[in-house]
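Step one of this worksheet: look at the structure below.
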Amino acid sequence: MILSILELSLQPGLVHGFSTTGLGSMRRDPANPWPQTPERSRFADALGLDGERITVAGAVHGSEVARIDQPLGQVDGVDALVTNRVGTPLLATFADCYPIILYDPRHHAVALAHAGWRGTEAGVAKHAVEALAEEYGSNPGELVAGIGPGICGHCYEVGREVSSRFPPEVVRPSREGRFLLDLAAANRAQLVSAGVPVHQVHAHGVCTKETDRLYSHRRAPDGARFACLVALTPT
């Protein structure tokens with residue numbers, strides 16, 4: 001089964017999805033230099049996309065963005081990808097971090113970002129908005145954003161060394177010396193501050209730790225990953 005965000009599914013010219021455990025782990029085999037895997041191919045096929053054309057963000061928990069003009073396999077050292085090329089799917093993998101999708105219907109461009117706490121602190125969502133503007137002339141006020149499944153603010157417990165890096169409105173106390181961090185709220189605020197209208201930011205809302213349909217490092221630290229796949233289609 002594949003999950004999606006309704007408001008993005010209604011956008012003409014865009015296809016996206018989040019893989020579930022039924023499709024298997026989307027983690028790349030470290031022994032295989034080619035980023036394609038049978039699981040990723042099945043995922044692409046299920047969305048009607050060409051798996052051989054996938055470009056993968058080799059996420060490093062930062063905020064670097066790469067422009068994709070042709071299939072590149074895996075782009076190391078970046079946590080966000082942008083493209084305006086039809087039929088060039090973008091993929092990133094997750095296991096509690098948040099997928100962020102940005103779609104520009106006017107210029108027919110899309111971004112996919114990987115946002116864990118480090119990437120969120122580094123402003124990866126804001127950088128993706130800026131990259132769309134710089135590369136394709138996107139107006140942030142016209143973007144439609146989706147925040148995919150991730151670990152929710154009731155489950156993501158962190159220490160003071162992490163919580164102190166975020167504004168108090170997305171942090172609340174937990175047990176002694178620990179705090180609960182709402183990464184979805186932090187990324188929503190970041191997108192809005194970058195100019196995306198708040199009513200155009202749509203969250204999937206499922207918590208990875210609370211469901212066995214998605215892989216979660218906090219629930220089962222076995223290295224398994226789910227993926228987000230996004231691509232432009234003809235309008």
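The values are calculated or read from the model by the stated rules, or taken from the named source; none is laboratory data. Since this is a predicted model, take the numbers as computed values, not measurements. Glycine also receives a Cβ, built like all others from the backbone with ideal geometry; neighbour counts cover every protein chain displayed. Please note that ligands, DNA and RNA were not included when accessible areas were found on the heavy atoms of the full protein model with its side chains. Shrake-Rupley method; radii C 1.70, N 1.55, O 1.52, S 1.80 Å.
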Only Lys, Arg (+1) and Asp, Glu (-1) charged, at Cβ; the chain dipole about Cα centre in debye: 420 debye
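Looking at the chain, what % of its DSSP beta bridges pair antiparallel, to the nearest 5?
Working: 33 of 47 bridges.
Once the DSSP bridges in the chain are tallied, antiparallel ones form about 70 percent.
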Percent carbon-and-sulfur accessible area, the stretch 155-235, ignoring ligands, DNA and RNA, probe 1.4 Å: 50 percent
Within the accessible area of the stretch 26-89 (1.4 Å probe), percent carbon and sulfur: 46 percent
Zone residues, the stretch 100-117, relative to LEU10, backbone N less than 15 Å from point 7 Å out along Cα-to-Cβ: none
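Accessible area per residue, 1.4 Å probe, Å², for the chain: what's the number?
On the way: 9940 Å² over 235 residues.
The answer is 42 Å² per residue.
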Hydrodynamic radius (Kirkwood) for the chain, which is based on Cα pairs only, to one decimal in Å: 17.4 Å
Förster-model FRET efficiency, 25 Å R0, ARG106 and VAL198, C-beta, rounded to 0.05: 0.85
Extension gain (nm, one decimal) between TRP34 and THR211, 0.36 nm per residue minus Cα-Cα: 60.7 nm
Where ILE2, ILE151 fall by accessible area, highest first, once all protein chains stay in place (1.4 Å): ILE2, ILE151
Accessible surface ranking that places the most exposed of TRP117, TRP34 first, with a 1.4 angstrom probe: TRP34, TRP117
